[in-house]
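Engineer: Mind looking over this structure? Questions follow.
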Amino acid sequence: MKKSIFKILNVVAFSIVTLSLTSCDSEEPEIILPGGESEVIENLKTGVMDGKLKEDYTLEPGVTYSLNASFTVDSGAKLTVPAGTKIQALNGGTSVFIAVLQGGKIDIQGTESNPVIMSSASGNPGDWGGLTICGEATTSAGVAAEAEVGGFIYGGTDDTDSSGSINYLVIKGTGAQISLTSQYNGVSFYAVGSGTTVSNVAVINGSDDGVEFFGGTVSVSNLYLENNEDDAIDWTEGWNGTVSTAYISHTKAGFSTVFEGDKGNGNPKFNNITAISTVGGKALQFKLQSGGTISGLSLSGYDVDLDMKDGGNTANVVFLEGYSPVALATEAEMTTSTDYFYTLNTSVVPTVNALEFDWVPTDLTFDNATLQGAVSTNVTLDAAVSYTLNSSYIVQSGATLTIPAGTKITARDGGTGVYIAVLQGGKIDIQGTATNPVVISSVSATPGDWGGLTICGNATTSAGINAEAEVGGFIYGGINDTDNSGSIKYLVIKGTGAQINSESQYNGVSLYAVGSGTTLENISVIDGADDGVEFFGGTVSAKNLYLVNNEDDSVDWTEGWNGTVTNTYISHTVAGFSTAFEGDKANGNPNFVNLTAISTVAGTALQFKKTSGATITNVWLEGYAKNIDMKDGGSLANVIIDGSAATTTAEYKTGTKVDVSTWTWKSAGL
């Protein structure tokens, strides 16, 4: 008994001496145990991470470490984390995190086959803080600034500062919230210098940002960022490093952005960025005067491509592929609403493949019934599947999209971000029948719910070769008037015509320089916010068009289109539409055989702008206040109706109405 008491007294005395030697420091004293090792080291040996590491230490890859509280790496110390190490964070919110202080280092040595994993048990957003690294590079916050998390000090004058190395790291369940304005991120880089190596990092299910840069010069390569609830990549304070190769996905609604830049423009670089959303949202957001230079950008599924949050200059954001931001409203409208939104018309062909990150343990999958992105090989849909058109779905050159009879596609009410497009050299094969038409519609079929169908060909147009379409920035126009973009038979489209801006809108079906080798038969466009069908040059012909209550023009053409439409039935029962027909620019003299247009709300029937015209046979016009409108004073001789030049006084009720009573397919729904 006496011997035991003596041993206890020795331990107490040792502890008192130790405390007396360390308490002069302003920080918490380090507890040294009888073996001469600190309590932090003793804990590490038992698999517990807690406290401040003041010396170099290497974890054991066979041990699953418990991160039960804050664990910091002090100046002069280095934490080495070997390949395959697992660190399980307690679900302790803001009190559980790993931080590397100025002068400290972390060396994460994961490999493709054995990444390092840091996660809470459930991996739920906000379970724990994350990894924070503080360096001595420059930041607009100044020297020895205080971080919004942990009160850590960061910032200096050494832009080549090294805080260590990170390779093959997976982090899950981070982003614990400190306050309404402060949260931890998956990985926070505070003034970290370019001497730090960061590659192959995955951040999954964070409740704040995936990664955030607060000034500094560090660069990162190979990022995998999945369902981080605020910004996937965030930066501020003049960070000017580079991100090379990032795959970003959003399948849960409510996130903020793919990118958020803030404050001064350090012009960081971003090379090969692919971001995919199945839930809409914003892609790139730049606050104040922030900006960057971006190449290899692919966006799919976002409602807003670019948000200049505070009205900053779009010139601050440089797209090396030449993407030009297209405003979604006038300058005055944006100023009033403070929504400075733009579309970019970026490629939807991924520049980064998710398969490049097969080392990331994720169960993320994309529903095959969700249509978005690029059709790069031949794709055939299944009529038994109920599809959702979630975003842009773009058929690339050399590919064919086949849609069998009876297929129904529900278009998300996502405005201009939701449409189907066929690029030059691509094809679409819609195989509907009278008893099983193909239907593409939003749920409510309200005008402007979504874009529509756009086809770009290689036929001639007065816009020239390789012209740029007013929607999507698509290229169209060539020298092959017999070009073939596929076949459309028995198609019903509803709720189209989303407006890009006051000058540009999608139509039900837009045909850009489409050639005569293309087949268009039995097409119904109902309740479109813009035109039913519009021809931009080209030579394609169509048969059996049923066009009801399209708010602009039922049939519109321009740029010298010279095809033929046989059997057109147009109905207007909602006031405020523009015209039944609108021809514009040079007269390619298209032909219309069997035209019936009936209005119960007056309006204008046939309008011809500039020198446009047409030859029309067997016409029946009923209920319009004006049958013929030569908008710009063009010659009536340009418009030949039943063998004679048009007049502004004729009733044009001598023809035979197009009989649509047998067109049982024309109003089919989802």
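Engineer: Can you tell me which of (1) buried (at least 19 other Cβ atoms within 10 Å of the Cβ); (2) among the aliphatic types (A, V, I, L, M); (3) touching a strand residue (DSSP E or B) at 6+ places or on another chain (Cβ under 8 Å) is the one Ala383 doesn't meet?
Structural biologist: All conditions pass for Ala383, except number (1).
Engineer: Going through Ala625, Ala586 one at a time, which residue ends up being surrounded by fewer than 20 Cβ atoms within 10 Å (Cβ to Cβ), over 21 Å from Gln505 (Cα atoms) and at pLDDT below 95? Spell out how you get there, then give the answer.
Structural biologist: Values: Ala625 fails: at pLDDT below 95.
Checking each option against the conditions leaves just Ala586.
Engineer: Next question, about the same structure. Hey, any hits in the stretch 314-328 for a residue that's under 13 Å from the mean Cα position of the chain (by Cα) and either loosely packed, with under 13 Cβ neighbours inside 10 Å or of a type in the set (Ser, Thr, Tyr) (or both)?
Structural biologist: As a first pass, look at the stretch 314-328 and keep what is under 13 Å from the mean Cα position of the chain (by Cα): none.
Scanning the stretch 314-328 turns up no residue that is under 13 Å from the mean Cα position of the chain (by Cα) and either loosely packed, with under 13 Cβ neighbours inside 10 Å or of a type in the set (Ser, Thr, Tyr) (or both).
Engineer: Right, here's the next one. Scan the stretch 283-292 and tell me whether some residue there is closer than 17 Å to Gln372 by Cβ, outside the structural domain of Ala498 (by TED's automatic domain parsing) and of a type outside the set (Ser, Thr, Tyr). Can you show your working first?
Structural biologist: Initially, the stretch 283-292 is screened for residues closer than 17 Å to Gln372 by Cβ, giving 283.
Subset that is outside the structural domain of Ala498 (by TED's automatic domain parsing): 283.
Okay, now just the ones that are also of a type outside the set (Ser, Thr, Tyr), so 283.
For the stretch 283-292, residues closer than 17 Å to Gln372 by Cβ, outside the structural domain of Ala498 (by TED's automatic domain parsing) and of a type outside the set (Ser, Thr, Tyr): present.
Engineer: Which number in (1) part of a loop (DSSP other than H, G, I, E, B); (2) in contact (Cβ under 8 Å) with a residue 12 or more places away in the chain marks the one condition that Ser179 misses?
Structural biologist: (2)
Engineer: Just name the residue that is farthest from Asn589 (Cα to Cα) out of those in the stretch 557-574 that are assigned to a loop (DSSP other than H, G, I, E, B) and within 36 Å of the chain's Cα centre (by Cα). Even if it seems obvious, please write down each step before you answer.
Structural biologist: From the stretch 557-574, those assigned to a loop (DSSP other than H, G, I, E, B) are 559-563, 573-574; that's our starting set.
Imposing the further condition that a residue be within 36 Å of the chain's Cα centre (by Cα) reduces the set to 559-561, 574.
Values: Glu559: 11, Gly560: 8, Trp561: 8, Val574: 30 Å.
Taking the candidates together, the pick is Val574.
Engineer: Check whether at least one residue in the stretch 229-248 is surrounded by fewer than 24 Cβ atoms within 10 Å (Cβ to Cβ), in the same structural domain as Asp127 (by TED's automatic domain parsing), at pLDDT 95 or above and over 19 Å from Pro268 (Cβ atoms), and report yes or no.
Structural biologist: yes
Engineer: Checking Ser376 against (1) among the small types (Gly, Ala, Ser); (2) surrounded by 15 or more Cβ atoms within 10 Å (Cβ to Cβ); (3) farther than 25 Å from Ala399 by Cα, which test does it fail?
Structural biologist: So Ser376 meets the others, but not (3).
Engineer: Restricting to the stretch 367-401, what's the tally of residues that are polar (S, T, N, Q) and not in a loop (DSSP other than H, G, I, E, B)? Steps first, please.
Structural biologist: If we filter the stretch 367-401 for residues that are polar (S, T, N, Q), which is where we start, we get 368, 370, 372, 376-378, 380, 386, 388, 390-392, 396-397, 400.
Checking which are not in a loop (DSSP other than H, G, I, E, B) leaves us with 370, 372, 380, 386, 388, 390-392, 400.
Counting residues in the stretch 367-401 that are polar (S, T, N, Q) and not in a loop (DSSP other than H, G, I, E, B) gives 9.
Engineer: Within the stretch 329-348, restricting attention to residues that are part of a helix (DSSP H, G or I) and out of contact with any Asp or Glu (no Cβ under 9 Å at 6 or more places or on another chain), which residue is surrounded by the fewest Cβ atoms within 10 Å (Cβ to Cβ)? Let's see the steps before the verdict.
Structural biologist: Taking the stretch 329-348 first, the residues part of a helix (DSSP H, G or I) are 331-337.
Then keep just the ones that are out of contact with any Asp or Glu (no Cβ under 9 Å at 6 or more places or on another chain); that gives 331-332, 334-337.
Values: Glu331: 10, Ala332: 8, Met334: 17, Thr335: 12, Thr336: 10, Ser337: 10.
Step by step, filter the stretch 329-348, then rank; the result is Ala332.
Engineer: Do any strands (runs of 3 or more DSSP E) lying entirely in the stretch 465-514 carry at least 1 residues that are over 23 Å from the mean Cα position of the chain (by Cα) and in the same structural domain as Gly415 (by TED's automatic domain parsing), and which ones are they? I'd like the intermediate steps shown before the answer.
Structural biologist: On the way: elements: 486-494, 499-501, 509-512.
Counting at least 1 such residues, we get 486-494, 509-512.
Engineer: Related question: Residue by residue through the stretch 575-611, note down the ones that are part of a loop (DSSP other than H, G, I, E, B), of a type in the set (Val, Ile, Thr) and under 21 Å from Thr564 (Cα atoms). Don't jump to the end; show me each part of the working.
Structural biologist: Restricting attention to the stretch 575-611, the residues satisfying the condition of being part of a loop (DSSP other than H, G, I, E, B) are 575-578, 584-590, 600-603, 609-611.
Next, only the ones that are of a type in the set (Val, Ile, Thr) stay: 600-601, 611.
Listed by number, the list holds a single entry, Thr611.
Engineer: A further question follows. How many of the residues in the stretch 349-380 are more than 19 Å from Ala275 (Cβ to Cβ) and touching an Asp or Glu at 6+ places or on another chain (Cβ under 7 Å)?
Structural biologist: 1
Engineer: Follow-up question, since we're still on this one. Which of the following residues is in a loop (DSSP other than H, G, I, E, B) and either over 21 Å from Asp107 (Cβ atoms) or out of contact with any helix residue (DSSP H, G or I) (no Cβ under 8 Å at 6 or more places or on another chain) (or both): Ser207, Ser165, Ser188? Before the answer, list the steps.
Structural biologist: Details: Ser165 fails: in a loop (DSSP other than H, G, I, E, B); Ser188 fails: in a loop (DSSP other than H, G, I, E, B).
Just one listed residue meets the conditions, Ser207.
Engineer: Next up: Looking only at the stretch 90-121, how many residues end up being outside any loop (DSSP other than H, G, I, E, B) and on the phi > 0 side of the Ramachandran plot?
Structural biologist: Of all residues in the stretch 90-121, those outside any loop (DSSP other than H, G, I, E, B) come to 93, 97-100, 105-109, 116-120.
Then drop every residue that is not on the phi > 0 side of the Ramachandran plot, which leaves 93.
Final tally of qualifying residues: 1.
The values are calculated or read from the model by the stated rules, or taken from the named source; none is laboratory data. Note that this is a predicted model, so its numbers are computed, not measured. Because the Cβ atoms are built from the backbone with ideal geometry, glycine has one as well, and the counts that use them run over all protein chains shown.
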